[in-house]
1. When the Cα centres of region 146-169 and region 211-246 are compared, how far apart do they sit, in Å?
2. Report the net charge of residues surrounding residue 45, where surrounding means a beta-carbon distance below 13 angstrom and charges are Lys +1, Arg +1, Asp -1, Glu -1.
3. Could you give the distance between the Cα centres of region 85-107 and region 182-206, to the whole Å?
4. Under 13 Å Cα-Cα from residue 243, which aspartates and glutamates qualify once same-chain neighbours fewer than 8 residues away are excluded?
5. Say we join alpha carbon atoms closer than 10 Å with springs in a Gaussian network model of the chain; which of 112, 43, 19 then has the biggest fluctuation?
6. Please work out the FRET efficiency for the pair residue 294 and residue 44, using the Cβ-Cβ distance as r and a Förster radius of 22 Å; give the result to the nearest 0.05.
7. With charges set only on the Cβ (+1 for Lys and Arg, -1 for Asp and Glu), what does the dipole of the chain come to about its Cα centre, in debye to the nearest 20?
8. Pick out the long, greasy-scoring helices in the chain: whole DSSP H runs spanning 27 Å or more along their own axis by Cα, mean Kyte-Doolittle at least -1.0.
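Rule-based calculations on the coordinates, nothing more; no lab input. Model, not experiment: these values are computed from the prediction. Virtual Cβ from ideal backbone geometry, glycine too; neighbours counted across all protein chains shown.
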Amino acid sequence: MTAPTLVFLHGRGQEFKKPEQLLRKWLAALNAGLTAAGADPLPADRVVLPFYGNVLYQVTAASAGKALRLESTRSTDEPGPFSPATPPETGALERELLLDMARAAGMAVPDPDEPPPPVERTGGGGRLREEGLRDRILSWGPARELLVSLAKRSRVDQLVITAQLRDVALYLSDGRDEVLEVVREALPAEGPLVLVSHSLGTVVARDLLHDDDVRERTALWVTAGSPLGLEAVQKNLLDPGSKHPGVEWLTAYDVNDVVALGHPLVQSWGAPLADLEVENDTDPHSISRYLAQARVAGPIGIAATRPS
């Protein structure tokens, strides 16, 4: 009889942090939630946190370097990318994600008005899929206006929104293989797993569940503050579309979490899936706030202590 290993899959913006400190932060929040739920805390020796923050940062830097030459072809008066060094295919996906976020927020959105850029295809799984971009996309001018409106409506800074868009788009277009390699190497070779994922980490987790071995060993998958409700994310997963991985799945969201605007997820992903709306107060996207919720921590604690 083996108790599951708890696997924490972090989100973006973790570069240069110490993995052991990040793990302690997550575990402290989870144990606070377990205490609130009347359950025993979990020990650190039952937990792993695959750290890919530096890998994602390197992918970002490499992509920026590749794209610098492309900016010289743009008129100085023409609205440009959210980030000056965004590769064309990544920028197109950013705009798709933004459009999906605005629709999920109930906003009126403009019609896409320009063709997507040509995308160089490679043999690996890291590039955008041929069907990953719509026939037409939103040009940068209307996209910037939509970004301003979304930031005002959600009361989230534009820079925060664009950073989230950029890193999800970069993972899906360029960083997937390298990130998944880091994650797979950190997993135990055998035994049951409980996957607890946040933000971009939920997209990584869904791709990880493409593996038969990982999927069969997963006793529970928890997503918090997830962008998996966005069509542009779904179309570029290893299993394209909203294809349920067939594991027990709990997804937590705060209605003020701009990354989680596609919730509830059950309407697109189907069952078995439990959508859990929580209130994270002044920091709606915080993983610590999510894990400290008794209704989120409780099921994790049950799954993590259930022998298999």
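1. If we compute the Cα centre of each part, the gap is 23 Å.
2. Charge balance near residue 45 sits at +1.
3. Between the Cα centres of region 85-107 and region 182-206 lies a distance of 26 Å.
4. Leaving aside aspartates and glutamates fewer than 8 places away in the same chain, those within reach of residue 243 are 207, 231.
5. Fluctuation is largest for 43.
6. That pair, residue 294 with residue 44, gives E of 0.60.
7. Value, rounded to 20: 420 debye.
8. none
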